[in-house]
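A.B. asks: Handing you a structure now.
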């Protein structure tokens, strides 16, 4: 193209201002429609459908595919979608063809006693089955491992919770006992709490014994042997403990009261005489 | 019944095919009982020799595999005496032996052929459909065939290519399992005659594998060249000659010199500024110096 022609083209608007490149013309692709049609008409064989067994049909329409719309929406790069579209097309063809075949009395199901050579050998099918089984087993194993891991985590959590609860309870109990020992609170509430929390629901209002708590013997033994705390410094010969005559039972000391058994069980109490009396006896014996 | 539809297909290949193509050929021979095998053809013979080979074997259809450069596989489908022929580029070949294809069918059973509706829309696809039907459908009452119909071949047109799949029909409610093989055909040309004759159709979307590889290489090279060009341009900019501006005498007209300040000499140290904690600056975290542990023997 020489310059006046270019100017003409620019003026008329065929060429836009800017850098223009001369494109080489693409070779025309042959599409001889008439030739194709003629060839097809010559080539076509007038065979019955039963010889050809061909079905030209779109996909099976189900609610899922209807949302996804027509085949144009199938993205060839999306493998799963593509294969599903082929599958659905095959399904549609089968659904259409099987009734026709049944009408023409062509069998489609192989009877169980019909043994013939298959396209893939038995060995091949065994290999396939092995592979599938191993895959399934691997999946199951991984699932089991995951579950075990989860359970272990859960078990550990529960265990720590229980331990913490126990420690808390122990701490509370000790504190309550110490307070009672020190005299800050003269209520044996902490003992009752233990009972009510465990058996309260069962006994309910019927138990009036809870007020007393454990019996005297139990309380004595608890005091002597149980509930922790310092025992070493608990018995001191101080003014208070000397003046404390609460554990003196006159009847026991003078052997005067009724015997322990009460009825007929008279126990002969060996009352040891005092020091002066013993000395008198000794000197008298001499 | 009597076997009337006398279709025979010759399936063979040229030299230089790889194992996958060989297995594909064998799979097709297993699936089609009306097929015949032949020895490999020498590359130096012209294509129309195939017509004579088929005549000798008394076949009226042909599937010919041609391998080039040990990489590209081409497939010819042809109707032998006078009919049309088509050349395809075959891609994505998966054979029967692949363990992911779990289905199985009787050897020699008749297939159901399923076509995409797009095959009826264009005349070249219609011609191809007829060719596929005549080649792939097993004639009824063929002596090597089984009377059952238990698998289906699907031909679908996606992405300007023809996809082939083979499914086994398990239940009457159309539950299918893939048997294989599977491949993708990319149409190149359709000829009026068998392995020759005027071209009826040329696929505009087809790109030869050589061209494809060349374009890939060119794009990589182009990227590299672009980078180099950018680098050179930057270099020129850096070392480029600075533009000299001529002195303008009228520039200094409005300049007034500033007053001269007396020179002050500081004799006393200035008081230090109060240290203000800059809360915006991040605190310097003093890390404890780790004691170096020495091994004592």
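No value in this document is a laboratory result; all are computed from the given coordinates. Worth saying up front: this structure is predicted, and the values here are computed from it rather than measured. Please note: Cβ atoms are built from the backbone with ideal geometry, for glycine as well, and neighbour counts cover all protein chains shown.
A.B. asks: Who wins for biggest fluctuation among B:66, B:55, B:264 in a Gaussian network model of chain B, springs between alpha carbons below 10 Å?
C.D. replies: Maximum among the listed residues: B:264.
A.B. asks: Give me A:87, B:201, B:206 ranked fewest to most by other Cβ atoms within 10 Å of their Cβ, as a rough exposure proxy.
C.D. replies: B:206, A:87, B:201
A.B. asks: Relative to the longest principal axis of chain B, what angle (0 to 90°, nearest 10) does the C-alpha long axis of helix B:123-136 take?
C.D. replies: Taking Cα atoms only, the helix is inclined about 60 degrees.
A.B. asks: Answer rounded, prolate or oblate for the protein assembly as shown, using the Cα gyration tensor with square roots of eigenvalues a ≥ b ≥ c: rounded when a/c is under 1.5, else prolate when a/b is larger than b/c, else oblate.
C.D. replies: The shape class here is oblate.
A.B. asks: Give or take rounding to whole Å, what are the principal axis extents of the alpha carbon atoms in region A:140-186, in descending order?
C.D. replies: Here the Cα extents, ordered largest to smallest, are 64, 9, 6 Å.
A.B. asks: Averaged across orientations, what area in nm² does the convex hull of the alpha carbons in region B:172-297 project?
C.D. replies: Result: a mean projected hull area of 39.7 nm².
A.B. asks: Show that you can apply the helix-only estimate: for the protein assembly as shown, add -39,500 (n - 2.57) for every DSSP H stretch of four or more residues, divide by all residues, and state [θ] at 222 nm to the nearest 500.
C.D. replies: After summing the helix terms and dividing by residue count, I get -13000 deg cm²/dmol.
A.B. asks: Rounded, prolate or oblate, given the Cα gyration tensor of region B:9-209, with a/c below 1.5 counting as rounded?
C.D. replies: Rounded.
A.B. asks: Moving to a separate point now. Based only on other Cβ atoms within 10 Å, what is the fewest-to-most ordering of B:13, A:283?
C.D. replies: A:283, B:13
A.B. asks: Test of understanding: ordering B:24, A:36, A:47 by Cβ neighbours within 10 Å, fewest first, what list do you get?
C.D. replies: Starting with the residue having the fewest Cβ neighbours, the order is A:47, A:36, B:24.
A.B. asks: Most fluctuating residue of B:68, B:36, B:246 in a GNM of chain B with Cα springs under 10 Å: which is it?
C.D. replies: Maximum among the listed residues: B:246.
A.B. asks: Once a ≥ b ≥ c are taken as the square roots of the eigenvalues of the Cα gyration tensor of region B:1-63, is the result rounded (a/c under 1.5), prolate (a/b larger than b/c) or oblate (a/b not larger than b/c)?
C.D. replies: oblate
A.B. asks: Over what distance in Å are the Cα centres of region B:234-292 and region A:137-153 separated?
C.D. replies: Spelled out, the Cα-based centre of one part sits 66 Å from the other.
A.B. asks: Find the centroid of the Cα atoms in region B:94-117 and in region B:1-26, then give the distance between the two in whole Å.
C.D. replies: Centre-to-centre (Cα) distance: 15 Å.
A.B. asks: Report the residue, chosen from B:257, B:198, B:274, that carries the largest GNM mean-square fluctuation when chain B is represented by alpha-carbon nodes joined by springs under 10 Å.
C.D. replies: Checking each option, the largest mean-square fluctuation is seen for B:274.
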